[in-house]
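Undergrad: Shown below is the structure under consideration.
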Amino acid sequence: MNAYDKIASVVQQVTTGKKTTQEAIDAISTKDLTECLFSSSQGDTSGPLATGIAASPGAATGKLCLSVDNVLDTVDAGGAAIMVAMETGPADEPGMRWSAGIVTAHGGLASHAAIYSRGLGLPAVCGVNDLTVQESSITVGSIVINEGDIISIDGATGELFKGTIDISEAETPEELDTLLLWCDEARKGCLGVRANADTSEEAAEAIRSGADGIGLCRTEHMFLGDRLPAIRKVLTAEDEKSQRTALIELRDIQKQDFVNVLEPMEGKPVTVRLLDAPLHEFLEDNEEQNPMLGLRGVRLALAIEGLYRTQTQALIAAVEQRIEDGQIPAVEIMVPLIAIEKELEAILEAIAEEIQKSPIPIPLGTMIETPRAALIAGELAQHVDFISFGTNDLTQMTFGFSRDDVEATVINEYIKKEILEESPFSTLDQIGVGELIKAAIEKSKEANPTIKIGICGEHGGDPKSIRFLSDIGVDYVSCSPPRLPIARLVSAQQSIL
Ligand code: PEP
Ligand code: MG
C-alpha cells in the first residue's frame, strides 16, 4: 500500500473503531509523511549528471536560469525555472522565490540556498562539486548545458539531470489533517512545534501547517532582494549622522515587516531574532576572510550602536499597531551568536529602556550557538526567560566544520569512508553536539528553573534529532513550515512513549 492510501486507511480504521488514535499515530512513519508531502523523481534512463547534497526535498524540471532576471523572464513567459549559481545570497531572493528548484555548486545543508529553499518548500541540491557556472552556461563534468536548456533535480537524493524526468507529484489524502489534529491532541503539554518563518506568507503557511508559534524569525531575511540597500546603508555608514538616518529608515521598514508577520499568527508567540547578517552575504565587496566566524550577530550589534535598540523599537511599534487593530500579539526577542556573558548583558542593557515601554511583556532570550555559550549556559540563563539552540552554528563550531563548504568537500568523503554515518548538519550529532546541549540544558535549568528551552537549527525538522531533543528536555523545536507535519507527528509519537 502506498503512503497516501495507508494514511487514509489508518484514519478510517479509527473512525470505524478498529484502531485507537494512538495506534494510528504510531502506524504512520515519517517516511510515509515525506512521501505524501514532497514530490519525487522516478529518475531517467541515463541516470543523473551529477549528485550533490540533498538540501531540500522535492523534484522539479525547468529551464536552466543563471540570473534573477532570467528566472523572472522565464516565469513571466509561463515556464518553470531552475536557478543555478555557484552559491546564493540575499540579492538572489527574488529569483529563488519564483524558481521551481535551486542548484548550487558550493554550500551544504546549512548554507543560504539550503535554508532558504527549505523555508519556501522548494527542491534544492547544493554542493555539486562537478559543477562550474559560466556567464551563460554551466559545465557539469565535461558536459556543457546552456542557459534556457531543460534540467531536472531531485532534492531528496541530491541528483541533477539533463532534460526532463518523471516526477511523482506530492499528494496528501484529506485524512491527513485529521491525523495531524490527533497528533496535536496527543502532544499537548509535551514537545511544542514552532516554525522558522520570516515573512507574512511564511507565517500564514506556518499557521496552516499547525505551528504553535514562530520559534525563529530571522530579521536579516527581511532585507533581501530590493530591500538590500536599506541594510547596506546601515552596515556601511561612514559617520554617526548617516548611520542614524539609515537606522531610522530601517526602523520604519522593519515595523511594517513585523506587523505583517504578526498578523496571521492569531496571537501565537513569535520569536524575533535580532539581526544576524553574515557580511559576505549582505555586502557587495566584503573583504572579511572568515565571514561565518567574524563580525556577525551580537558582535555586529556591539559595533553598530543602536542597531538592536532600533529593531526593538520597530517591534514594539508593530505590537502597538496590532493591538490597535484588535489583536493581542505575543512576541519574544532573541539575541544571536552570544559567546560571552557580558555581550548578553550589554545588549539587554541597550534594549532595556525600550522593552519597558512595551504594552505587553516581552520575554527575552539568547541563542546558544557557540560551544562557549553552551558551556556557560548557566550564567547566561540567569539573564533570560528562554534559550534556543542554533544547532546549525553549534554544529559548525563544535566540529570546526564550515557550514558553507565542508559538506561537499569533507563530509561526503567521510560518509563513504565510514568515518561519519551521516551529515551532522542533517541529523544532530548526539554524542558530541548533543552532549553539549544536554549539559547546557541542565546548567540553565539549575540556574533558572522556569527557563524555556527551544531549538531552531535545521535539526528541528529531522525526526531522529527531534526524538533525541525531546528526551533531553527541550520544550519546543522550530523548523521550516514544510517540515511541520513531520515534527508534529514525531512529537506526538514521543508523547505516547
Ligand atoms: C543556527 O545557527 O542554527 C540558526 C538557527 O541560526 P542561522 O541558521 O540563521 O545562523
Ligand atoms: Mg546561527
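Rule-based calculations on the coordinates, nothing more; no lab input. The structure displayed is predicted, hence computed values, not measured ones. Neighbour counts run over all protein chains shown; Cβ positions are idealised from the backbone, glycine included.
Undergrad: Quick one: dipole size for the chain, taken about the Cα centre, charges +1 on Lys/Arg Cβ and -1 on Asp/Glu Cβ, in debye to the nearest 20.
TA: Using only the charged Cβ atoms, the result is roughly 1120 debye.
Undergrad: Could you grab the relative contact order for the range 196-235? Cα pairs under 8 Å, six or more apart, rounded to a whole percent.
TA: Relative contact order of the range 196-235: 40 percent.
Undergrad: Would you mind pulling out the separation of the Cα centroids of the range 454-476 and the range 256-328, in Å?
TA: The range 454-476 and the range 256-328 have Cα centres spaced 24 Å from each other.
Undergrad: If you don't mind, there's one more thing I want to ask. Based on alpha-carbon positions alone, could you give the equivalent ellipsoid semi-axes of the range 332-374 from the gyration tensor, as √(5λ), descending, whole Å?
TA: They are 22, 11, 5 Å, listed from largest to smallest.
Undergrad: Return the tail of the calculated pair distribution for the range 311-386, meaning the percent of Cα-Cα pairs more than 16 Å apart.
TA: That tail contains 51 percent of the Cα-Cα pairs.
Undergrad: Working from the pairwise distances between different alpha carbons, so that the mean of 1/r is found and then inverted, what is the range 404-497's Kirkwood radius in Å?
TA: So the Kirkwood estimate lands at 14.4 Å.
Undergrad: With r defined as the distance between the Cβ atoms of E349 and D405 and R0 fixed at 25 Å, what FRET efficiency is calculated, to the nearest 0.05?
TA: 0.10
Undergrad: Roughly how far apart, in whole Å, are the Cα centres of the range 187-205 and the range 372-437?
TA: Going from one Cα centre to the other spans 23 Å.
Undergrad: Along the Cα→Cβ direction, 7 angstrom out, place labels at S46 and L375. What is the inter-label distance in nm?
TA: Distance between the two pseudo-spin positions: 5.4 nm.
Undergrad: So the label point goes 7 Å from the Cα of I328 along Cα→C-beta, right? Which residues of the range 337-361 then have their backbone N under 14 Å from it?
TA: Counting only backbone N, you get 359-361.
Undergrad: Roughly how many debye, to the nearest 20, is the charge dipole of the range 318-392 about its Cα centre, given +1 on each Lys and Arg Cβ, -1 on each Asp and Glu Cβ, and no other charges?
TA: That gives a dipole near 200 debye.
Undergrad: If you take the beta carbon distance between N290 and T16 as r and set R0 to 60 Å, what does 1/(1 + (r/R0)^6) give as a FRET efficiency, to the nearest 0.05?
TA: Calculated value: 0.50.
Undergrad: Quick one: length gained pulling I340 to T450 fully straight, 0.36 nm per residue minus the C-alpha distance?
TA: Going from the current span to full extension adds 37.4 nm.
Undergrad: Any number yet on Rg/Rh for the range 135-237, C-alpha, Kirkwood?
TA: With Rh from the inverse mean 1/r over Cα pairs, Rg/Rh is 1.12.
Undergrad: For K357 and C190 in one chain, what is 0.36 nm times their gap in residues minus the Cα-Cα distance, to one decimal in nm?
TA: My answer for the length gained is 56.8 nm.
Undergrad: Now, a different point. Once you wrap a convex hull around the alpha carbon atoms of the chain, what is its projected area averaged over all directions, in nm²?
TA: The directionally averaged projection comes out at 23.8 nm².
Undergrad: Neighbouring Cβ atoms within 10 Å as the yardstick, rank R309, R403 fewest first.
TA: Sorted ascending by nearby Cβ count, the order is R309, R403.
Undergrad: For N129, what is the net charge nearby, where nearby means another residue's Cβ is under 12 Å from its Cβ and Lys, Arg count +1, Asp, Glu -1?
TA: Taking every Cβ under 12 Å from that of N129, the sum is -4.
Undergrad: Okay, moving on. Write down the Å³ per residue value for the convex hull defined by the alpha carbon atoms of the range 321-449.
TA: Enclosed volume per residue, from the Cα hull, is 133 Å³.
Undergrad: Let me ask something else about it. For a Förster distance of 45 Å, can you work out the FRET efficiency between the beta-carbons of E266 and V144, rounded to the nearest 0.05?
TA: 0.30
Undergrad: Given H placed on each backbone N at 1.01 Å, which residues far from I53 in sequence or on other chains put an amide H within less than 5 Å of it?
TA: C126, G127, V128
Undergrad: Taking only the C-alpha atoms, wrap a convex hull around the range 33-190 and report its volume per residue in Å³ as a whole number.
TA: Residue-normalised Cα hull volume stands at 123 Å³.
Undergrad: Normalised radius of gyration for the range 211-324, please: alpha carbon Rg relative to 2.2 N^0.38 Å, two decimal places.
TA: 1.09
Undergrad: Same structure, new question: In nm, to one decimal, how far is the Q134 label point from the D471 one, both placed 7 Å along Cα→Cβ?
TA: 5.2
Undergrad: Rounded to a whole number, what is D in µm²/s for the range 1-104 from Stokes-Einstein with the Kirkwood radius over alpha-carbon pairs (10 °C, 1.306 mPa s)?
TA: 96
Undergrad: Which percent of Cα pairs goes in each bin when the distances of the range 57-134 are cut into 10 angstrom slices starting at zero?
TA: Pair shares across the bins are 22, 59, 19, 1.
Undergrad: Now a separate question. Starting from the eigenvalues of the Cα gyration tensor, five times each then square-rooted, give me the equivalent ellipsoid semi-axes of the range 280-324, largest first, whole Å.
TA: Whole-Å semi-axes of the equivalent ellipsoid: 30, 11, 8.
Undergrad: Starting from the Cα gyration tensor of the range 241-290, take the square roots of the eigenvalues, sort them a ≥ b ≥ c, and report rounded, prolate or oblate (rounded when a/c is under 1.5, otherwise prolate if a/b is larger than b/c, else oblate).
TA: Since a/c reaches 1.5 but b/c is at least a/b, the shape of the range 241-290 is classed as oblate.
Undergrad: Turning to a different aspect of this structure: Determine the equivalent ellipsoid of the range 442-497 by diagonalising the alpha-carbon gyration tensor, then write out the semi-axes as square roots of 5 times the eigenvalues, largest first, rounded to whole Å.
TA: Its equivalent ellipsoid spans semi-axes of 21, 13, 9 Å.
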